[in-house]
1. ³J(HN,Hα) across the stretch 55-63 via Karplus (A = 6.51, B = -1.76, C = 1.60, θ = phi - 60°), whole Hz, x for Gly/Pro?
2. Over the Cα atoms of the chain, compute the convex hull volume and normalise it per residue, giving Å³.
3. Using the 2.2 N^0.38 Å rule of thumb for compact globular proteins, work out how the stretch 1-140 stacks up: its C-alpha Rg over that value, please.
4. If you count only protein heavy atoms with a 1.4 Å probe, what accessible area per residue comes out for the chain, rounded to a whole Å²?
5. Ignoring the sites themselves, what is the longest stretch of the chain with no trypsin sites (Lys or Arg not before Pro) in a DSSP loop and at most 14 other beta-carbon atoms within 10 Å?
6. Return the carbon/sulfur percentage of the accessible area of the stretch 307-357, one whole number, probe 1.4 Å, all protein chains in place.
7. Any chance you could list the semi-axes, whole Å, largest first, of the equivalent ellipsoid that the Cα gyration tensor gives for the stretch 296-420, using √(5λ)?
8. Accessible area of the stretch 116-208 with a 1.4 Å probe: how many percent of it is carbon plus sulfur?
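The values are calculated or read from the model by the stated rules, or taken from the named source; none is laboratory data. Because the structure is predicted, anything quoted here is derived from the model rather than measured. Quick reminder, even Gly has a Cβ in these numbers, built from the backbone with ideal geometry, and neighbours come from all protein chains shown. Just so you know, the surface numbers come from the protein's heavy atoms only, side chains and all, with ligands and any DNA or RNA stripped out. Shrake-Rupley method; radii C 1.70, N 1.55, O 1.52, S 1.80 Å.
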Amino acid sequence: MRGHLPRLIGLAGPVYGELLSGVVASVIGTFWVAGLGGSAVAAVTLAGTVENLLLGLVLVVSSGTTVRLAHALGAGDPAAAGRTARAAWRLCTVGTLLLAVPGFLLREHLAGVFLDGAAAGLAADWFAVAFPAFGLFFGQRVADELFKGAGDTRTPLRTALLANALLLLLDPLLILGPGPLPALGVTGAALALTLSRAAAFAVTLLLRRRRRMPAPPGGTGPAMRGIVAAGAPFGLDFTARMGVGTAQLGLVAAFGVPAVAGYGVGYRALLIVTMAFYAVRQAAVIESARLAGVGDTAALRTLGRDTARLAAALGAGAAVLCAALAVPVTALFTDDPAVAGESVGFLRMAGLYLLPYALVVALGGVYQASGGGRPLVVAVLLGLGLQLGAGAALSGPLGVDGLWAGMTVGAVAQLALMRLLVGRRPAAPAGAERPVRGPAMPAGRALETAD
């Protein structure tokens with residue numbers, strides 16, 4: 001392999017393992033909660049949806065931290081790296097208070113907006129645990145991105161494996177309460193998640209302390225604004241995709257329960273391959289911001305080409321796997337013929353969608369981290385809007401297959417608009433400070449100056 005491919009794969013591999021471990025733990029946790037009945041499943045589903053919505057705001061800080069830290073280290077500016085780390089923790093503290101306190105106080109109202117009866121009560125019980133512990137979620141994301149911004153994607157993988165291993169152990173103990181332990185149900189599930197996150201975060205903080213460099217004196221206002229400016233496109237991108245996903249589910253629901261269930265099964269299977277695209281995206285963010293800090297525009301162009309090659313290979317491979325394994329993979333989740341038929345149809349049609357989508361996701365990391373975030377968000381929003389419009393129009397003559405075809409139309413449109421609107425990337429991320437020029441730091445020494 002030549003160019004940046006070895007570095008991209010080395011960074012992306014641990015990120016993929018981190019993402020995959022979280023999905024596996026979530027699926028197994030859902031299995032234990034499912035034994036409590038439909039109200040419990042509805043409550044936990046709402047809790048997951050709310051956390052995903054809050055994640056859009058968390059990503060502004062965490063992703064912005066990755067970009068700004070990698071840029072500072074690439075520029076050989078340890079003072080800016082230290083200010084970035086300190087600013088990230090301050091933003092984490094402020095963000096936690098702004099989100100967790102109102103969430104806890106309004107937990108019953110929030111649950112009642114979406115659910116009623118027993119399900120609403122169970123959701124409120126979950127929020128009573130989850131909102132006070134929200135700082136663990138936010139803090140872990142920030143700490144992970146401080147490692148990643150310094151080129152270390154293995155430490156976040158290890159802490160994620162620790163958290164998810166603990167969750168797998170604690171879920172049945174606290175949800176079902178075997179032996180002398182009481183069964184806590186949905187509250188137990190929330191406690192299990194909190195305890196697993198607390199243990200992982202404690203280990204993470206110990207690792208950070210060993211590698212810490214104090215920031216220089218002075219305010220962190222400019223660094224905080226730089227993080228928000230660099231991270232805003234990531235948060236907007238995620239939130240837009242969440243919103244379109246919800247609207248897409250509404251369109252699928254018009255074709256009946258089997259279509260919704262089949263879409264759910266197929267989508268979960270698709271996560272296993274699409275997470276590889278997002279792993280490449282994170283690797284591309286780290287490398288792009290570092291090279292932007294160095295000011296090496298030629299290397300940035302090479303990185304873009306290598307990222308596209310890797311994404312294309314992953315997208316094409318994923319398409320082949322979905323077409324070839326649609327039937328056996330679906331059989332792992334359901335034996336209902338109607339649901340299985342819908343899932344198989346979705347996975348086979350997804351083969352057309354995965355290649356352009358892989359390129360959109362991975363190249364988006366290069367563009368966002370090297371200064372093209374704002375036009376990229378415009379391209380994504382326009383493409384997602386076209387996806388919904390095309391899906392709705394094609395579903396008339398093609399039925400539910402028209403919705404899957406609309407996904408392909410949207411991905412191709414996003415890719416074309418990205419190339420049109422982003423064009424040549426500037427060699428510095430949004431919110432970048434003017435670096436103090438010095439020799440670029442080797443990747444191996446980056447963690448010594450992370451905070």
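1. 4, x, 6, 4, 4, 4, 6, 5, 5
2. Expressed per residue, the convex hull around the Cα atoms of the chain is 140 Å³.
3. Working: Rg = 19.1 Å, N = 140, 2.2 N^0.38 = 14.4 Å.
With N residues counted in the stretch 1-140, Rg over 2.2 N^0.38 Å equals 1.32.
4. Working: 19020 Å² over 451 residues.
On a per-residue basis, the chain sits at 42 Å².
5. Values: sites that count: Arg2, Arg424, Arg437.
Longest site-free region, per DSSP loop and neighbour criteria: 3-423.
6. On the way: 1750 of 2410 Å².
Answer for the stretch 307-357 is 72 percent, counting heavy atoms of protein chains only.
7. Working: eigenvalues 188, 70, 17 Å².
The answer is 31, 19, 9 Å, longest axis first.
8. On the way: 2550 of 3470 Å².
That fraction is 74 percent.
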